[in-house]
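A short write-up of the structure that comes next.
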Amino acid sequence: MDVCPIIKRLDSSKLQEATNALLMGFSADPFQRWLMPDPTTYYRNFKLTIDSTCKQSFAVDGVYGDESNYGTAVWFPPKFDVDYSETARTLNDLPKNIMKEAFKVFEELIKARVNDAWYLEYLAVDPSKQGTGLGSLILKESLKVIDDLNEAAYLESSNPKNMSLYERYGFRFVKKIQVGTSPEINTMYREQKK
């Protein structure tokens, strides 16, 4: 990275930019593309999903990104109940051959979630900037806020390449979730800083 980008908390005026970075960054995500292998379905349905979650996260000051809009992190505070009702209709577009498995994965994710910790719903960087350290910077800056609050953090990752990044910032593997043909999803937890 030639110049260190400025990482900041984003406000709702950056909804389009934040969701564009997430759409690009998750375009090769194993779990999202297992759920939505068709590109048109992926862009339509994932856009609807991230619009909804970003709006909720903006309301609790939980969206972070860089000033050039190449990366975005979407956080929720402890005990926040993310409302997925706006995106329920996207479930009809799941491939029929994985529908039962997908619902079982969703059920396992709900059971595994740690509710008394900050929840990292999404962290993504545009593929053109992946490998530059931008995701690391966004994660580092957002974790500073959580550390200042002396609170824990939780995430789920279906991309094995991201595990070492999260481990560098103190996240530890908790549980692997995998049902049938689904990709593995690893849950990770980071203790509060004492």
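The values are calculated or read from the model by the stated rules, or taken from the named source; none is laboratory data. Given the structure is predicted, the values throughout are model-derived calculations rather than measurements. No Cβ is skipped: glycine too gets one built from the backbone with ideal geometry, and neighbour counts run over all protein chains shown. The accessibility values were calculated without ligands, DNA or RNA, using every heavy atom of the protein model including side chains. Shrake-Rupley method; radii C 1.70, N 1.55, O 1.52, S 1.80 Å.
Selection of first residues in segment 117-146 that are basic (Lys, Arg) and of second residues that are open to solvent by less than 10 Å² (accessible area, probe 1.4 Å) and not in a helix (DSSP H, G or I), restricted to Cβ pairs under 9 Å at least 6 apart or on distinct chains, gives the following pairs, ordered by first then second residue: LYS129/ASP66; LYS129/GLY71. Checking each residue in segment 91-116 for being of a type in the set (A, V, I, L, M, F, W, C) and farther than 13 Å from PHE31 by Cβ picks out LEU91, MET99, PHE103, ILE110, ALA112, VAL114. Among the residues of segment 67-79, those that are touching a Phe, Trp or Tyr at 6+ places or on another chain (Cβ under 8 Å) and surrounded by fewer than 17 Cβ atoms within 10 Å (Cβ to Cβ) comprise PRO77, PRO78. The condition (being of a type outside the set (S, T, N, Q), open to solvent by 40 Å² or more (accessible area, probe 1.4 Å) and within 22 Å of GLN178 (Cα to Cα)) is satisfied by just one residue among PRO30, PRO39: PRO30. When the residues of segment 150-161 are narrowed to those that are open to solvent by 50 Å² or more (accessible area, probe 1.4 Å) and touching a residue at least 24 places away in the same chain (Cβ under 8 Å), which ends up farthest from ILE185 (Cα to Cα)? Checking each candidate, the answer is ASN150.
For segment 162-177, which positions are in contact (Cβ under 8 Å) with a residue 60 or more places away in the chain and either open to solvent by 80 Å² or more (accessible area, probe 1.4 Å) or not hydrophobic (A, V, I, L, M, F, W, C) (or both)? Scanning segment 162-177 gives VAL174, LYS175.
Of the set (1) under 17 Å from the mean Cα position of the chain (by Cα); (2) surrounded by 15 or more Cβ atoms within 10 Å (Cβ to Cβ); (3) not in a helix (DSSP H, G or I), all apply to THR132 but (1).
Could we say that GLU121 is buried (at least 18 other Cβ atoms within 10 Å of the Cβ) and either in contact with a Ser or Thr (Cβ under 7 Å, 6 or more places away or on another chain) or part of a helix (DSSP H, G or I) (or both) here? Against the criterion (buried (at least 18 other Cβ atoms within 10 Å of the Cβ) and either in contact with a Ser or Thr (Cβ under 7 Å, 6 or more places away or on another chain) or part of a helix (DSSP H, G or I) (or both)), GLU121 qualifies.
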